[in-house]
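I have placed the structure first, in the form of structure tokens, so that the comments after it can refer back to it.
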Amino acid sequence: MQPLDSAPAPAGDKHAWLIPPGVTYLNHGSFGTPPRAVFEARQQFLLELAENPMDFLVRSLPERLQQATQELARFVNAPADGIVPVSNATTAMNVVAGCVTLKPGDEVLLTDHEYGAVIRIWGKACAQAGARTVTAKLPFPLTSPRELVDALFAQVTERTRLLVVSHVTSPTACILPVQQICERARERGVPVCIDGPHAPAMVPIDLRALKCDFYTASCHKWLSAPIGTGFLYAGSQHRSRLKPLVWSWGRNLNGQPPHWKDEFLWPGTFDPTGYLCVPVALEFFRRYGWKRFQDETHALAQWARSRLMEDCGLQPLTPDDPQWYGSMVALELPGDPPGDPAQVHPLQVWLAREHQIEVPVVRWRERTLLRVSAHLYNTREQMEQLTRAVQKWRSAQHSSPC
């Protein structure tokens, strides 16, 4: 794949993205959309695959996968030998759950900010082994990294076999102090698995510095690679125990010595074109500037936060500080009546149907949160549109202005 011929369009340029006019897409945190350059690169890969599948999958793919992994490894500052492509962070977390040895009475520690699928994965893994999950309730609101780390490790016992923690939380959009958590965990001798699907591109990742045992991530969120692209990082002491969720032929076709990644690289006939586009996404943002992207999207999320607080009375979960939130921010809708967390909130449905605004409304800790994502194609005008719509909704619900 040839490098991009031109720099990406400025923030908000409609020609750089595929979102149609009239749609206000504020949910890149759930499902990102690729920039046009990444979409077109995948189309080219798909054409090559269609023209000669044998050449693409058998002869060309191993080297291309290796090159894509090397570029991704440089991006997260990790040895390429420790990273394997998977379809998403959920797949990666399931692989980790399959390699951690649990016995009756053992514990896996999570926080109350974790993603529902992660909670479910470890709940099932523990149930099968006769172990249990323990949930650490973090301080609310979050104001001190030290208090957060202390509250988390207050739940560590001699039975704790693994600590699972988000880099950037999904329901609350908070950046957790994972460096301090990993350092404290090493002092206690507790392995750490970081769930990081929101982190790539939103915040810097340095896996050599973190020294975590496992890191799971998706590239289809802030990095804007195609959906179905993710990675698993494992420390060298764990790699030989990792097993794929799907067994096939493996991928050691060149007579090389067996490698722990062999079984992951050929899960049967599959479409690898999305992962091959990860370097294109990396190049897109590299040319735009990583810090520029992070600063601009944080500034837009910060501006949306202030508008929703001032005009609609929404409540923040953290101080107004980039150490606590990046390109995504969650705020509480106070006074929202209790509801079933499994059901889509009516405000989310109404915003999409009446205003073509895509933004998640989630229930967490008996609270209702509006989670706003800010990306390069978003504008202040769109955040104003959201604010006016939320004002209208809350006024109708409470029969008084916000």
Identity of the residue in the stretch 337-370, part of a helix (DSSP H, G or I) and among the charged types (D, E, K, R), that ends up nearest to GLY29 (Cα to Cα): ARG353
Qualifying residues in the stretch 16-59 (those that are aromatic (Phe, Trp, Tyr) and over 30 Å from GLY268 (Cβ atoms)) - the one surrounded by the fewest Cβ atoms within 10 Å (Cβ to Cβ): TYR25
Set LEU276, LEU245: member being surrounded by fewer than 19 Cβ atoms within 10 Å (Cβ to Cβ) and aliphatic (A, V, I, L, M): LEU245
Failed item in (1) without any contact (Cβ under 8 Å) to a residue 60 or more places away in the chain; (2) closer than 22 Å to CYS174 by Cα; (3) small (Gly, Ala, Ser), with GLY313 passing the rest: (1)
Any hit, the stretch 105-128, residues being without any contact (Cβ under 8 Å) to a residue 40 or more places away in the chain, in a loop (DSSP other than H, G, I, E, B), assigned by TED's automatic domain parsing to the domain that holds LEU232 and not β-branched (Val, Ile, Thr): no
Near pairs, Cβ below 6 angstrom, 6+ apart or cross-chain, from the stretch 208-224 (among the aromatic types (Phe, Trp, Tyr)) to any residue that is in a strand (DSSP E or B): PHE214/CYS193; PHE214/ALA234; TYR215/ILE194; TYR215/TYR233
Failed item, numbered, when LEU282 is tested on (1) of a type outside the set (S, T, N, Q); (2) surrounded by fewer than 21 Cβ atoms within 10 Å (Cβ to Cβ); (3) under 22 Å from the mean Cα position of the chain (by Cα): (2)
ALA352 vs. criteria free of Cβ contacts under 8 Å to residues at least 24 places away in the same chain and under 29 Å from ALA16 (Cα atoms): yes
HIS259 vs. criteria at pLDDT 95 or above and either within 30 Å of GLY289 (Cβ to Cβ) or surrounded by fewer than 24 Cβ atoms within 10 Å (Cβ to Cβ) (or both): no
Any hit, the stretch 286-301, residues being assigned by TED's automatic domain parsing to the domain that holds HIS167 and aliphatic (A, V, I, L, M): no
Selection from the stretch 261-278 of residues that are touching a residue at least 40 places away in the same chain (Cβ under 8 Å) and aromatic (Phe, Trp, Tyr): PHE264, TYR275
Residue check, ARG132 of a type in the set (Lys, Arg) and in contact (Cβ under 8 Å) with a residue 24 or more places away in the chain: yes
VAL329 being within 30 Å of GLU71 (Cα to Cα), touching a strand residue (DSSP E or B) at 6+ places or on another chain (Cβ under 8 Å), β-branched (Val, Ile, Thr) and in contact (Cβ under 8 Å) with a residue 12 or more places away in the chain: yes
Single condition SER240 does not satisfy, out of (1) buried (at least 24 other Cβ atoms within 10 Å of the Cβ); (2) among the polar types (S, T, N, Q); (3) without any contact (Cβ under 8 Å) to a residue 60 or more places away in the chain: (1)
From the options ALA342, ALA301, residue that is under 23 Å from the mean Cα position of the chain (by Cα) and surrounded by fewer than 17 Cβ atoms within 10 Å (Cβ to Cβ): ALA342
Whichever residue in the stretch 371-387 is among the charged types (D, E, K, R), touching a residue at least 24 places away in the same chain (Cβ under 8 Å) and outside any strand (DSSP E or B) and, among such residues, is farthest from VAL168 (Cα to Cα): GLU384
Unmet criterion (only one of (1) of a type in the set (A, V, I, L, M, F, W, C); (2) touching a strand residue (DSSP E or B) at 6+ places or on another chain (Cβ under 7 Å); (3) touching a residue at least 40 places away in the same chain (Cβ under 8 Å)) for ALA201: (2)
Top-ranked residue in the stretch 345-380 [being more than 25 Å from HIS198 (Cβ to Cβ) and out of contact with any helix residue (DSSP H, G or I) (no Cβ under 8 Å at 6 or more places or on another chain); ranked as surrounded by the fewest Cβ atoms within 10 Å (Cβ to Cβ)]: ARG353
Candidate set: the stretch 155-184, residues that are over 27 Å from LYS221 (Cβ atoms) and in contact with a strand residue (DSSP E or B) (Cβ under 7 Å, 6 or more places away or on another chain); chosen: the one surrounded by the fewest Cβ atoms within 10 Å (Cβ to Cβ): THR157
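The values are calculated or read from the model by the stated rules, or taken from the named source; none is laboratory data. Because the structure is predicted, anything quoted here is derived from the model rather than measured. FYI the Cβ positions are ideal-geometry reconstructions off the backbone, even for glycines, and counts take in every protein chain you see.
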